Structure formats: structure tokens, C-alpha cells
Ligand code: AMP
């Protein structure tokens, strides 16, 4: 069974083609800058990387280019596109409608459209990808996998904001949570690594990438999470600042020459690591610049870790007992500095790092980095959202 996973951004399409017989990746790639003169496709297959010259106006053209690459005489991996039996689409916002993956039908499309009000930048491109795939791969089963679904187990005590309750009823203002596929994937992997059933484990999973979020998981279910109505809340991120006093927005609107739109742009794209350091949104640059003596880069790292640690402590208090803390995402998987700072001086709370193991994590490696006597296991687990999307798609194809 060949399954294609698709993750559409406003001007990009990320894809992977799986052979589900052994869950191997036959091909994967990224199409970027759709609708511009500089459209680029980076296609990896058969151990080689090709960058064919191309042009594409929209997601439909883009998917056409991807499918042409998959069946290409030289670097293709299948003979006919009909061999793709199902397509798994990443959809960011499923609102309160979806608690798991679903086969796409007109009703599901309408529900995704309704959720687009809550995440227009994400759901609209996701819908464009679905439409393009339905047209190009008419015989394949189309499945939607939602970032929010894993957090559908949050109780009101965790998802209702302390705001006028009618805002929840009238406008859907609540915590939804994101990165669910990643948190769910690493939680399941952690259970495998620890050799215990997931439904017996309490875990804290920290997804630290361009976007950063953290989840408290009780017996396999998400019970609290740092992102909220949108992916702007919670931890410090590359260009988003996470938690802040809402009064800041109104203070700036009244006292600066910025419009609300400009303030929002700064909150989304010029805050976080980039905003504090003035240098970069990339943790590698921040760590390097800090070591080179740049004070604001050092401050950005300290603020990033300070916030992360606060959430780890809060979720330990919420869960009561914690079996494992998992680091994932580009920063979580690769930055020994961030991991060691995040758990420094938490021995009295049951977290004891094995410094050498932490330094020795190889790229792409899943590894336990806690000391043998650490009550809470500390794990690094590379995330694989695409694989979970493919697995959930496969599970629905038969039904
Ligand atoms: P992701 O969104 O999960 O792909 O993560 C991307 C982020 O991971 C980049 O912006 C970097 O900040 C971070 N990253 C990748 N490699 C490293 C590394 N070796 N050390 C620190 N951060 C890294």
C-alpha cells in the first residue's frame, strides 16, 4: 500500500510517499515559493536529491509537479499515480469537530472551512491541497489528520480561558492546542522505549522547533498544553514570544504609531528568539552568538529556557507523578545546551540528567539521557509527524 502525505503551507507543499508494507519512505520533498518566479522543488528519492526546474501558480500546479516527479523515468519511484491508494493531509485546525483522523467527504470539507476562521493562514492552504489531491488522485482515499485532535481530550478546566464565558459559546474562544501529531507520536515512542503501556504513563512532551509547545499527558491523554486559540501562546519560539500580558497590545495601540495589524505582524514574525536577540530566529545562531559574547543572544537563550522550565514545573505539579520528559523538534532533538539548561537543578523533583549521554545524542537518534537513578526518565525522540499521518491514513483506508 503506497500512501502519500501532504502538508500544505500558503506557498509550499511538503510531501512523503510511504510504502506501508515496511513504513519505508520511497520519496520525499519540498516545493516552495508557489506562485512566484522562484518556485523550487527539492525531491529526494533513491538516495539522490534532484531539483528540477519548474513553475507553478498554485497548489494544484504544485501537486502536479510532485506527482510528475514521483512517476519520473529517472528519479520516480512508482510507475503510475494510481498506485497511490490514499493521501493523508495534515490539517492544522480541527476546532471542536474532530477528535481523530477522518476520511474526507463534503461534510468534512465544510467543517474544515468553518475552522478556517480560527486559523486562516493554515486551514485555507490545507483545503487547497485537499482540492488539488481530489482532482489529481480521484481514485485515492483522502484522509484529514488534525494538529488539534490529540488535544481534544483537554477538559474545560484546561481549555476555558478566564474570560466572559459567552466568548467561548459565541466565538469559540478556547484553548485548542497544536502540534498534536508530534506530541502523540513521541508519546507512543516513549512508551515503546520505556517498555510500558502508554495508558499507564504520565509524560511531559516538549516539541521545540520553529514553533514550540509542551503537553502534559496523563495515561496517554493530553490534559494540558501550552498553545491556545492559535499557535501564538506558551513557550518562546523562533519569531513568536508566547505568553504575554494582553494589555501590551492595547498599550502599544494607544501609545505607538503602529496599527493593530502591524503589532500583530511583530508578535507573529519579529518576536521570540529573533525579537530578543535582534539577530536570528535559529537556535544554532543564538547559541553561537551567545558563546561569541553577544549579550542579547545570551539573554534570548536564557529567556527561552526560563519559560520552558516554568512549564515543566507547572506540568509536574499538574500531573503529580511524571514517568518521562521527552524532548523533540529541531531544537529539542539537537540542542544539548537547551536540554541541559531546561532540567538543571531539578534533581529534587526527580530529574537527573546524564551529562555525557546528553552530549552524545546523534542526529536522528532516539536516546535516554537521564542518569540511571533519575526517577523521571529524560528522553530525546525525533518526531515523525508524516509517519503518524500515514499510519492514521492506513488505519482509515480499510474502514
Ligand atoms: P523544526 O521546526 O522542528 O524543523 O526545527 C527548526 C529549528 O531547529 C531551527 O530553527 C533551529 O533553531 C533548530 N535547530 C536545528 N538544529 C539545531 C542544532 N544543532 N542546535 C540547535 N538548534 C537547532
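The values are calculated or read from the model by the stated rules, or taken from the named source; none is laboratory data. This one's a predicted model, so the numbers in the text were calculated from it and none came from an experiment. Positions of Cβ are backbone-derived with ideal geometry, glycine not excepted, and every protein chain shown enters the neighbour counts.
I'm trying to understand the selection: among the residues of segment 335-354, which are within 16 Å of the ligand (Cβ to nearest atom), farther than 12 Å from residue 370 by Cα and surrounded by fewer than 19 Cβ atoms within 10 Å (Cβ to Cβ)? Can you show your working first?
Step one: list which residues in segment 335-354 are within 16 Å of the ligand (Cβ to nearest atom), which gives 335-342.
Now restrict to residues that are farther than 12 Å from residue 370 by Cα: 335-338, 341-342.
Within segment 335-354, 336, 337, 341 meet the criteria.
Does residue 263 fit the bill of being touching a helix residue (DSSP H, G or I) at 6+ places or on another chain (Cβ under 6 Å) and more than 16 Å from the ligand (Cβ to nearest atom)?
On the way: touching a helix residue (DSSP H, G or I) at 6+ places or on another chain (Cβ under 6 Å): yes; more than 16 Å from the ligand (Cβ to nearest atom): yes.
It is true that residue 263 is touching a helix residue (DSSP H, G or I) at 6+ places or on another chain (Cβ under 6 Å) and more than 16 Å from the ligand (Cβ to nearest atom).
Scan (1) in contact (Cβ under 8 Å) with a residue 60 or more places away in the chain; (2) surrounded by fewer than 20 Cβ atoms within 10 Å (Cβ to Cβ); (3) in contact with a helix residue (DSSP H, G or I) (Cβ under 9 Å, 6 or more places away or on another chain) for the single condition residue 229 breaks and write down its number.
(3)
On the basis of being surrounded by 15 or more Cβ atoms within 10 Å (Cβ to Cβ) and under 30 Å from residue 318 (Cα atoms), does residue 145 make the cut?
Numbers: surrounded by 15 or more Cβ atoms within 10 Å (Cβ to Cβ): yes; under 30 Å from residue 318 (Cα atoms): yes.
Yes: the conditions hold for residue 145.
Among the candidates 182, 222, single out the residue that is away from the ligand (no atom under 16 Å from the Cβ) and within 21 Å of the chain's Cα centre (by Cα). Walk me through it before giving the result.
Working: 182 fails: away from the ligand (no atom under 16 Å from the Cβ).
Of the residues listed, the single one that is away from the ligand (no atom under 16 Å from the Cβ) and within 21 Å of the chain's Cα centre (by Cα) is 222.
In segment 310-334, which residue that is surrounded by fewer than 22 Cβ atoms within 10 Å (Cβ to Cβ) and not in a helix (DSSP H, G or I) is nearest to the ligand (Cβ to nearest atom)?
323
Counting just the residues of segment 355-378 that are in contact with a strand residue (DSSP E or B) (Cβ under 9 Å, 6 or more places away or on another chain) and within 21 Å of residue 287 (Cα to Cα), which one comes out surrounded by the fewest Cβ atoms within 10 Å (Cβ to Cβ)? Outline the logic, then answer.
Pass one, segment 355-378, residues in contact with a strand residue (DSSP E or B) (Cβ under 9 Å, 6 or more places away or on another chain): 357-358, 360-361, 365-371, 374, 376-378.
Now restrict to residues that are within 21 Å of residue 287 (Cα to Cα): 357-358, 360-361, 369.
Numbers: 357: 16, 358: 19, 360: 12, 361: 20, 369: 24.
Across segment 355-378, the extreme among qualifying residues is 360.
Which pairs do you get when a residue that is closer than 26 Å to residue 301 by Cα, found in segment 319-335, comes within reach of a residue that is within 8 Å of the ligand (Cβ to nearest atom) and assigned to a helix (DSSP H, G or I), reach meaning Cβ atoms under 6 angstrom, with the pair 6+ apart or on two chains?
Short answer, once both residue conditions are applied: 331/283; 331/338; 335/283.
Report, by residue number, each residue of segment 62-84 that is touching a helix residue (DSSP H, G or I) at 6+ places or on another chain (Cβ under 9 Å) and either part of a loop (DSSP other than H, G, I, E, B) or at pLDDT below 95 (or both).
Listed by number, the residues that qualify are 71, 75, 76, 77, 78.
Please tell me if residue 21 is on the phi < 0 side of the Ramachandran plot and in a loop (DSSP other than H, G, I, E, B).
Values: on the phi < 0 side of the Ramachandran plot: yes; in a loop (DSSP other than H, G, I, E, B): yes.
Answer is yes for this residue.
Sort out which residues of segment 266-284 are near the ligand (Cβ under 10 Å from one of its atoms) and surrounded by fewer than 20 Cβ atoms within 10 Å (Cβ to Cβ), and write them in order of number.
Listed by number, the residues that qualify are 280, 282, 284.
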